[in-house]
Amino acid sequence: MSANFTLDALDKFILNALQTNARTSYAELARAQNVSAATIHVRIEKLRQAGVITGTHVHVDARKLGYQVCCFIGINLARAGDYPRTLARLEALPEVVEAHYTTGQYSIFIKVLVQSIEQLQDLLINKIQSIDEIQATETLISLQQPILRNAPVV
């Protein structure tokens, strides 16, 4: 978001409504705020141009697609300069659905989805731990995800 861009009450309403249901029509948003659909359209375009809205997404239940194991892997690199090459190798793995460059105990923290513990073992041994720049890993298996939400709009 640019330094000069600020959210007003209408912007916040739009963001909250779209995070709840991205398929909400401009007309429905407009009726709820007693403004025109054109006003909503203009506001959403301004939010896009400012980089506040970066896309529209469909949330998929990974378990329904057969991904029974979700885990997080903390990765320690041999050297900080190994980050770009390691990230490129991790990005090539479809099982890696998130990656974060972090401070603290790990250099990189990734989220992985696989269909079974056997697939996790194969991923760790044959794909992740075989990356030369990776010094060590620690795997944490998620037992459940009781909270999943977007960033609050305040």
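Would you please classify the overall shape of the range 1-61 from the alpha carbon gyration tensor, given that a ≥ b ≥ c denote the square roots of the eigenvalues, rounded means a/c under 1.5, and beyond that prolate means a/b larger than b/c while oblate covers the rest? Write out the running numbers ahead of the final one.
Details: a/c = 1.89, a/b = 1.04, b/c = 1.81.
It comes out oblate by the Cα gyration axes.
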(message) Full-extension gain between Lys12 and Arg149, please, as 0.36 nm times their residue separation minus the C-alpha to C-alpha distance.
(response) 47.7 nm
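Jot down the per residue volume, in cubic angstrom and as a whole number, of the convex hull over the alpha-carbon atoms of the chain.
Details: hull volume 23.8 nm³, N = 154.
Measuring per residue, one finds 155 Å³ for the Cα hull of the chain.
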(message) Could you list Leu143, Leu10, Leu90 so that the one with the fewest beta carbons within 10 Å of its beta carbon is first and the one with the most is last?
(response) Leu143, Leu10, Leu90
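Before anything else, pin down the relative contact order of the range 62-142: Cα pairs under 8 Å, at least 6 apart, normalised by residue count, whole percent. All intermediate terms of the calculation are to be shown ahead of the outcome.
Details: 123 pairs, mean separation 39.2, N = 81.
Relative contact order for the range 62-142 comes out at 48 percent.
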(request) Starting from the Cα-Cα distance between Val58 and Ala38, subtract it from 0.36 nm times their residue separation and give me the gain in nm to one decimal. (result) 4.7 nm
(request) Measure nothing fancy, just the Cα-based angle from helix 9-20's long axis to the longest principal axis of the chain, in degrees from 0 to 90, nearest 10. (result) 50 degrees
(request) Measure nothing fancy, just the Cα-based angle from helix 37-49's long axis to the longest principal axis of the chain, in degrees from 0 to 90, nearest 10. (result) 30 degrees
(request) Considering Cα pairs under 8 angstrom that are at least six residues apart, work out the relative contact order of the chain and quote it in whole percent. (result) 26 percent
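Rule-based calculations on the coordinates, nothing more; no lab input. Bear in mind the structure is a predicted one, so any value in this text is a computation, not a measurement. Positions of Cβ are backbone-derived with ideal geometry, glycine not excepted, and every protein chain shown enters the neighbour counts.
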